[in-house]
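The values are calculated or read from the model by the stated rules, or taken from the named source; none is laboratory data. Because the structure is a prediction, the values reported are computed rather than measured. Neighbour counts run over all protein chains shown; Cβ positions are idealised from the backbone, glycine included.
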Amino acid sequence: MELKYGSTIFSLELPPDSLAGVVAPSSVVVNKSPADIIEAALDTCDHYFSSFKPGEKVVVVTSDITRYTGSEIYLPLLVERLTCHGIADGDIEILIALGIHRKQTVHEHKKILGSLYGRIQVSDHDCDDHDGLTLIGTTSNGIKVSINRKAIEADHLILTGTIGFHYFAGFGGGRKSVLPGIASRKACMASHFAVLNPGEGAGKNALAVTGNLEGNPVHRAMVEGCAMARPAFILNTVLAADKRIIAAFAGDWRDSHEAGCSFYRERFTYPVAEKGDMVVASCGGFPKDINLIQAHKSMEYASQAIKDNGVMILLAECRDGFGNATFFNWFRYRQLDEFEAALRAHYEINGQTAYSLRQKALRFRIILVSEFPHQQVEEMGMIPAKTLDEAMALAVPMLPVEWRCYLMPEAGSVLPVTPV
């Protein structure tokens, strides 16, 4: 089997009796082109567009380069609808929902906007630009929600993005475009802090997990924050593992998102009869393995298919490194209790991801194939390797005589589910 790594490919042959299965999303037959899928979704929003008037300002929020969404396809089609309803190009702005991520390069803006680049104004959200933020309210759990002033001052706010699993918000897309997408750093941190149960040493909330919205405190905080921004509507895509648009959901920001999540859950979970001794997982290549924070998603899903103390090989090039300058600093905390205490004292989103990674590194033996120096990988509690062959040579001696292995060629796109 071929497994993607950055912009290259590794090949792997397993003994037939050791292969437990290939964990992959269900194949989806799509008879429409991506453009036709988007057009059909936008057709359901005519009643929203009809309320737009010439001279009104429209802000369209979309994701940054770390989350491919098909924006170069849907943004031009969305702007075309706005133009048809009298909105001038100069009254439209694309706002990149960076959350706490780095600013985008010119090349990345071009990839996100496609044919609109140079025609429609684009700006990156800055979570630390206090003059560019405005307070819009406080959630039921006390989060003061400040978001990008442009979104509030616009006559119409449209949210776009893609729906997929999220390891503690349940799903991405929808309300995440506002909180954390265009929120202040403090609000971003507070919304993610909801993943922890109240009280020292209480650990992570059991409902803040992949694929779950019901009772999820992180999801609830994000929904409340989004409601305060009063979006006109959303347009969210669903992508196949090869990045093709296979569905789009547009309309009410809450209902359309929930419909998209249900669609995604049905097609991107994979029943696993029993957990394996090893999982070999690829994030799916660039940009899914652009940095370790993004690659952690694949690590999280792959962990659902391994026995305790089993072996995971994760292929994640991480050409952009960790994804945030403070991420690696968290691994100075070696034990989970001191890690959790530090996280509660000085919460960071990157620290939450580091904490989750550290939990898995203690529970499983993780061999990371990446561009990181060996010493850094070891300090995070993982085993370094530069190639898949090297990783396999390290893994096999750790396994029982009759070992069973799952392969996950698109580990960031499918969630293994075992019987309860």
Out of the residues in region 164-179 that are touching a His at 6+ places or on another chain (Cβ under 7 Å) and over 14 Å from Gly99 (Cβ atoms), state the one that is surrounded by the most Cβ atoms within 10 Å (Cβ to Cβ). Gly174
Name the residues in region 237-252 that are surrounded by 21 or more Cβ atoms within 10 Å (Cβ to Cβ) and either among the small types (Gly, Ala, Ser) or within 30 Å of Met398 (Cα to Cα) (or both), would you? Ala247, Ala248, Ala250
Tally up the residues in region 253-282 that are modelled with pLDDT of 95 or more, outside any helix (DSSP H, G or I) and surrounded by 16 or more Cβ atoms within 10 Å (Cβ to Cβ), please. 9
Checking the conditions here, which among Ser123, Ser146 is closer than 19 Å to His101 by Cβ, out of contact with any Ser or Thr (no Cβ under 6 Å at 6 or more places or on another chain) and assigned by TED's automatic domain parsing to the domain that holds Arg67? Ser123
Residue list for region 197-252, restricted to those being more than 26 Å from Ser356 (Cα to Cα), in a loop (DSSP other than H, G, I, E, B) and not hydrophobic (A, V, I, L, M, F, W, C): Arg230, Pro231, Asp242, Lys243, Arg244, Asp252
Within region 229-245, identify whether any single residue is closer than 17 Å to Ile147 by Cβ, out of contact with any strand residue (DSSP E or B) (no Cβ under 6 Å at 6 or more places or on another chain) and not aliphatic (A, V, I, L, M), and answer yes or no. yes
Qualifying position, being of a type in the set (Gly, Ala, Ser) and surrounded by fewer than 21 Cβ atoms within 10 Å (Cβ to Cβ), among Ala305, Ala361: Ala361
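For region 290-297, check the following and say yes or no: at least one residue is small (Gly, Ala, Ser), surrounded by 21 or more Cβ atoms within 10 Å (Cβ to Cβ) and outside any helix (DSSP H, G or I).
No, because not a single residue in region 290-297 is small (Gly, Ala, Ser), surrounded by 21 or more Cβ atoms within 10 Å (Cβ to Cβ) and outside any helix (DSSP H, G or I).
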Every residue in region 366-382 that is crowded, with 19+ Cβ neighbours inside 10 Å and more than 13 Å from Val280 (Cα to Cα), please. Ser370, Phe372, Val377, Met380, Met382
Taking region 15-41 and keeping only residues that are farther than 23 Å from Gly164 by Cβ and exposed (fewer than 15 other Cβ atoms within 10 Å of the Cβ), one is left with Pro15, Pro16, Asp17
With the requirement that a residue be in a helix (DSSP H, G or I) and either crowded, with 21+ Cβ neighbours inside 10 Å or touching a strand residue (DSSP E or B) at 6+ places or on another chain (Cβ under 8 Å) (or both), what does region 390-420 give you? Glu390, Ala391, Met392, Leu394, Ala395, Met398, Ala411, Gly412, Ser413
So how many residues does region 385-420 have that are within 24 Å of Cys318 (Cα to Cα) and of a type in the set (A, V, I, L, M)? 12
